[in-house]
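> Let me begin by handing over the structure; questions about it come next.
Derivation of every value follows stated rules applied to the coordinates shown; laboratory data play no part. Keep in mind the model is a prediction, meaning the values are calculated, not measured. Cβ sites come from the backbone with ideal geometry, for glycine too, and all protein chains shown count toward neighbours.
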């Protein structure tokens, strides 16, 4: 983990958000073993071969996780927020169950063409 990303996750004030962010971080590394990471625009960005694969960030009431290069993904209805087809974002709220296996599969699929 880069020091910047570690600092970002380590400084998350809400314990549940820190836990979700750490789990997402680990999931990203499983889905894309060769991923590189950096803090950009104040949030952890994850890249494969220099191209954006994912980003995570926290807000007051949720953790947002976005998969890039996502236009070809076949995701179940209701998982992601409405938005442009090339980006799929899920907003995880406190107490919400997270399907990390599904997110890992979708991220791996999207990153496979980067």
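> With the checklist (1) buried (at least 16 other Cβ atoms within 10 Å of the Cβ); (2) under 20 Å from residue 1 (Cβ atoms) in hand, flag the one item residue 14 doesn't pass.
(1)
> I would also like to ask the following. Can you name the residue in segment 4-20 that is touching a strand residue (DSSP E or B) at 6+ places or on another chain (Cβ under 6 Å) and part of a helix (DSSP H, G or I) and, of all such residues, is farthest from residue 58 (Cα to Cα)?
So the residue we want is 4.
> Can you tell me which condition residue 20 does not meet? The list is (1) surrounded by 16 or more Cβ atoms within 10 Å (Cβ to Cβ); (2) in contact (Cβ under 8 Å) with a residue 24 or more places away in the chain; (3) in contact with a helix residue (DSSP H, G or I) (Cβ under 8 Å, 6 or more places away or on another chain), and all the others hold.
In the conditions (1) surrounded by 16 or more Cβ atoms within 10 Å (Cβ to Cβ); (2) in contact (Cβ under 8 Å) with a residue 24 or more places away in the chain; (3) in contact with a helix residue (DSSP H, G or I) (Cβ under 8 Å, 6 or more places away or on another chain), residue 20 misses (3) alone.
> Just wondering, is there one or more residues in segment 22-32 that are in a strand (DSSP E or B) and touching a strand residue (DSSP E or B) at 6+ places or on another chain (Cβ under 9 Å)?
No, there is no match, as no residue in segment 22-32 is in a strand (DSSP E or B) and touching a strand residue (DSSP E or B) at 6+ places or on another chain (Cβ under 9 Å).
> Okay, moving on. Can you find, within segment 23-39, the residue that is surrounded by the fewest Cβ atoms within 10 Å (Cβ to Cβ) among those that are touching a helix residue (DSSP H, G or I) at 6+ places or on another chain (Cβ under 7 Å) and over 14 Å from residue 4 (Cα atoms)?
Step one: list which residues in segment 23-39 are touching a helix residue (DSSP H, G or I) at 6+ places or on another chain (Cβ under 7 Å), which gives 23, 25, 27-28, 30-32, 35, 37-39.
Next, from what is left, pick out any that are over 14 Å from residue 4 (Cα atoms): 23, 27-28, 30-32, 35.
Details: 23: 15, 27: 20, 28: 24, 30: 13, 31: 24, 32: 22, 35: 18.
Among residues in segment 23-39 that are touching a helix residue (DSSP H, G or I) at 6+ places or on another chain (Cβ under 7 Å) and over 14 Å from residue 4 (Cα atoms), the one surrounded by the fewest Cβ atoms within 10 Å (Cβ to Cβ) is 30.
> Let me ask another. Does segment 40-50 contain any residue that is in contact (Cβ under 8 Å) with a residue 60 or more places away in the chain, surrounded by 14 or more Cβ atoms within 10 Å (Cβ to Cβ) and farther than 19 Å from residue 9 by Cα? Outline the logic, then answer.
Going residue by residue through segment 40-50, those that are in contact (Cβ under 8 Å) with a residue 60 or more places away in the chain are 48-49.
After this cut, where a residue has to be surrounded by 14 or more Cβ atoms within 10 Å (Cβ to Cβ) as well, the list is 48.
Filter once more, keeping what is farther than 19 Å from residue 9 by Cα: 48.
Yes, segment 40-50 contains at least one residue that is in contact (Cβ under 8 Å) with a residue 60 or more places away in the chain, surrounded by 14 or more Cβ atoms within 10 Å (Cβ to Cβ) and farther than 19 Å from residue 9 by Cα.
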